[in-house]
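Visitor: So that we are looking at the same thing, I have put the structure below in C-alpha cells.
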Amino acid sequence: MERATKNIQFKEIGEKKTFTFTVTGHESLTDAQESVRIYAGDDSTIVQPIDYDHIEQSYWLKEGQLDVEAFSLEVDETLRIGYIESGFDTVSERLKEAGLNVESIDEAMLTSGD
C-alpha cells in the first residue's frame, strides 16, 4: 500500500470531522491482512473519555488503527438479495459495491408480499 496523507485542522476542542481515504491493493495482491495506522502529527493514540455519574471519570486510550483484509470473492451472478434497511447501516451499499444484486425492501413491499 502507498502512504496517503490529508492535512486536517480542527479549530475547537471536541470538533468532529469525517473524511474518506480510498485504499487500493496492488494487482498482485493475494489474500492478506494489513493494518493501516492513523497518525495525528507524531501521535497515533485516540483518547476516548469515559464519564458516567456512577463511576469516576477515566480515559480509554487506543491506537489509531484500521485493520483491513483482502480476499478473493466469488459471487453467483444469479443470486438475488433482498435487504431490509435499518436506516442505520450501509450494508446494502457495501454488498452492491462487491458486485451483488441487492434490492432494498421497504415497508410497502413487506405489506404487499411482493
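Visitor: Would you mind stating whether VAL23 is at pLDDT below 75, β-branched (Val, Ile, Thr), surrounded by 10 or more Cβ atoms within 10 Å (Cβ to Cβ) and not in a helix (DSSP H, G or I)?
Guide: Criteria met by VAL23.
Visitor: Select from segment 72-89 the residues that are hydroxyl-bearing (Ser, Thr, Tyr) and modelled with pLDDT of 90 or more and write down the one among them that is farthest from the chain's Cα centre (by Cα).
Guide: That would be THR78.
Visitor: Tell me which residues, restricted to segment 49-69, are in a strand (DSSP E or B) and more than 26 Å from GLN33 (Cα to Cα).
Guide: PRO49, ILE50, SER58, TYR59 - these are the residues of segment 49-69 that are in a strand (DSSP E or B) and more than 26 Å from GLN33 (Cα to Cα).
Visitor: Kindly indicate whether any position in segment 89-105 is in a helix (DSSP H, G or I) and of a type in the set (Lys, Arg).
Guide: yes
Visitor: Identify, from the list VAL91, VAL102, the residue that is among the hydrophobic types (A, V, I, L, M, F, W, C) and touching a Phe, Trp or Tyr at 6+ places or on another chain (Cβ under 6 Å).
Guide: VAL102
Here is a yes/no grid of residues against (1) closer than 19 Å to LYS6 by Cα; (2) at pLDDT 90 or above; (3) among the aromatic types (Phe, Trp, Tyr):
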residue	(1), (2), (3)
ALA32	no, no, no
THR45	yes, no, no
GLU56	no, yes, no
LEU61	no, no, no
ALA70	no, no, no
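Visitor: Considering every residue within segment 77-85, establish whether at least one is in contact (Cβ under 8 Å) with a residue 12 or more places away in the chain, part of a loop (DSSP other than H, G, I, E, B) and touching a Leu at 6+ places or on another chain (Cβ under 8 Å).
Guide: Checking segment 77-85: at least one residue is in contact (Cβ under 8 Å) with a residue 12 or more places away in the chain, part of a loop (DSSP other than H, G, I, E, B) and touching a Leu at 6+ places or on another chain (Cβ under 8 Å).
The values are calculated or read from the model by the stated rules, or taken from the named source; none is laboratory data. Predicted model, so just to flag it, every value in this text is computed and none were measured. Methodologically, a virtual Cβ is constructed for each residue, glycine included, from the backbone with ideal geometry; neighbour enumeration extends over all protein chains shown.
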